[in-house]
Amino acid sequence: MQNFVGVGVSRGRVIGPVRHMPAALAEPPPGEKLASSKAPETAAAALKEAAAAVKAQLLARAGRVEGTGREVLEATALMATDPMLIKAAVKLINAGTSAERAIWEAGESGAAMLMGLGGYMAERAHDVQDVKSRIVAQLRGVPAPEIPDADAPFILVAEDLAPADTATLDPNKVVALVTAGGGPQSHTAIIARALGLPAVVAADGVGALDDGALVFVDGATGVVSTEPDDAERAAVAVWQEQASLLSVFDGDGRLADGTVMPLLANVGGAADAQEAAAANAQGVGLLRTEFCFLGNDTEPSHADQVAAYKGVFDAFPGQKVVVRTLDAGADKPLPFLTDTSEANPALGVRGYRTDTSTPGVLARQLAAIADAAAQSDAAVWVMAPMISTAAEASDFAALCTEAGLRIPGVMVEVPSAALTSRHLFDHVEFASLGTNDLTQYAMAADRQLGALAALNDPWQPAVLALIQATVAGAASQARHSSAQALEDTAPKPVGVCGESAADPVLAVVLAGLGVTSLSMTPRALPAVSAVLRTVTLPQARALALRAVDAPSAAEARELVRAGLPALAELGL
Ligand code: PEP
Ligand code: MG
């Protein structure tokens, strides 16, 4: 029996046979000559035969998969017998180079040429590299460097996986991923989480597992072991039961004591909204309107805008849809609104600020939202991104009123807005915490830089304190307005629509901090709901206070996890 412990990066427990990813092909030595016994014509014919065989294999494989995987395989198949590629290789063979070296060099220079062309052509460079290796493998009579094809489901074991390896990964065949290398942010980990496959990375030594050996994999604890025992079989059975619990959201977000916590979806257009409605999201907490127009060079017409917004509203009749006005700038440039030559785009004229540099676009967008809302049954709320001051909140609310939109709000994603939220609430009806940007601005860490991932963590106690301050500002504003109106006023709602809401453990902290709704990618709804149902509001409050008080993000996370025994049962 062999035991390995790596890092669990995608939860789930499974038992299955190992299939190894073939090792990368060794490069034919530079300068390798054609054997003196071989005529160039024979070598060229063998090369053409190998290329045709590779094409046929790829087309056969394409016929067995769907969607993007099929497109990737069909494109690669065509490249295998590309006349330019074959002609370049035959020329080298005629000059005395071995067939393997010839196709290798022809492939390398073809790929370099495509890379030089940039854009779409550069993306095809990978296909040429791929067919080059496949043809060499065919000439050598060894397996192609690709995910093995098998009739029965298996556990894929590899040194590490590249994006191209995973394009054709069929989750019905590959039931878990185990790699000897890689880390929690590696491509393997990201793909596994996206596909919902159990995965363990950095499991040193797994390359020595026998092909076909039956192994137990636990994607939460990182355990990989051969000869599974009864306890491991039972653990798999428990997981299968839990997995069904974690695969569906019943459309009713609440805590164990019945406290209501609506769980909404983040969407970028009508197709996303339909998917979210099918996943039982209780509405839309963030419609990123810039996603509807990312390809536009010019401001979208009124009719185009109305159609785009109405498409989303129609997926949620009678439910809340929070529309965010265009958040152009930084990682989402829109040529008609943003200046890409800014030295610090994340700190530049982005989001609501573009209303000053390009006046009119926002007012026209609000008019289109109002028209779409009037033609649908959704309860439409509107919010502006990147609000920094109470004056901006007031100006935005005035624009909403002019457009006939009655529920204006702001995104709180700049620390100044979090710290002064009390004054912002004097002008708007709600706030939504954009914790992605709030984290990057609180920690002064570019959210796109992998090297700063540890700082860019919404578990950072400083970020949690800003969320706490935002909620406290809503309560304080309610107290002030109650005193003036001589009657009780409830605090205005504060939701979260950043990625943090999709973390089921952090969702408990957010609930405990007093957040009133959570909006996330629909895939996260079942797990967030399942964990919220295991805690009461007082328990969530106690855990939230411990997290805000923790000295580091890691300790905050650990303290809260330790207070949630249900996580182990749920395999989270
Ligand atoms: C955020 O900043 O958390 C947010 C939801 O907005 P975006 O990710 O679109 O910037
Ligand atoms: Mg943001």
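The values are calculated or read from the model by the stated rules, or taken from the named source; none is laboratory data. Computed from a predicted structure; not experimentally measured. Reconstructed Cβ throughout: ideal geometry from the backbone, glycine too, with neighbour counts over all protein chains shown. Only protein heavy atoms, including side chains, enter the accessible area calculation; ligands, DNA and RNA are left aside. Shrake-Rupley method; radii C 1.70, N 1.55, O 1.52, S 1.80 Å.
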From the set of residues in the stretch 509-547 that are assigned to a helix (DSSP H, G or I) and among the β-branched types (Val, Ile, Thr), which is nearest to residue 464 (Cα to Cα)? 509
Return yes when residue 433 is within 13 Å of ligand 1 (Cβ to nearest atom), modelled with pLDDT of 95 or more and either touching a helix residue (DSSP H, G or I) at 6+ places or on another chain (Cβ under 6 Å) or of a type outside the set (S, T, N, Q) (or both) and no when it is not. yes
Residue within the stretch 195-203 that is assigned by TED's automatic domain parsing to the domain that holds residue 328, open to solvent by less than 30 Å² (accessible area, probe 1.4 Å) and farther than 21 Å from residue 535 by Cβ present: no
List the strands (runs of 3 or more DSSP E) inside the stretch 197-275, counting only whole elements, that have at least 3 residues being over 24 Å from residue 152 (Cβ atoms). 263-267
Any chance you could count how many residues in the stretch 270-287 are surrounded by fewer than 24 Cβ atoms within 10 Å (Cβ to Cβ) and either of a type in the set (D, E, K, R) or under 19 Å from residue 436 (Cβ atoms) (or both)? 2
Find all pairs meeting these conditions: Cβ atoms under 6 angstrom apart; at least six residues apart or on different chains; first residue within the stretch 428-455 and in the same structural domain as residue 411 (by TED's automatic domain parsing); second residue of a type in the set (Ser, Thr, Tyr) and within 16 Å of ligand 2 (Cβ to nearest atom). 435/500
Open to solvent by less than 20 Å² (accessible area, probe 1.4 Å) and either of a type in the set (Ser, Thr, Tyr) or modelled with pLDDT under 95 (or both) - does that describe any residue in the stretch 395-418? no
If I ask for residues that are open to solvent by 50 Å² or more (accessible area, probe 1.4 Å), part of a helix (DSSP H, G or I) and within 25 Å of residue 36 (Cβ to Cβ), which ones from the stretch 93-125 would you list? 94, 105
Can you pull out every residue in the stretch 289-333 that is at negative phi, open to solvent by less than 40 Å² (accessible area, probe 1.4 Å), within 16 Å of ligand 2 (Cβ to nearest atom) and not in a helix (DSSP H, G or I)? 322, 323, 324, 325, 326, 327, 328, 332
Output the residues belonging to the stretch 45-64 that are hydrophobic (A, V, I, L, M, F, W, C) and either under 30 Å from residue 152 (Cα atoms) or surrounded by 19 or more Cβ atoms within 10 Å (Cβ to Cβ) (or both). 47, 50, 51, 52, 53, 54, 56, 58, 59, 60, 62
Here is a check on your reading of the model: is residue 474 touching a residue at least 12 places away in the same chain (Cβ under 8 Å), among the hydrophobic types (A, V, I, L, M, F, W, C) and surrounded by fewer than 21 Cβ atoms within 10 Å (Cβ to Cβ)? no
Within the stretch 391-488, which helices (runs of 4 or more DSSP H) (wholly inside it) include 2 or more residues that are away from ligand 2 (no atom under 16 Å from the Cβ) and β-branched (Val, Ile, Thr)? none
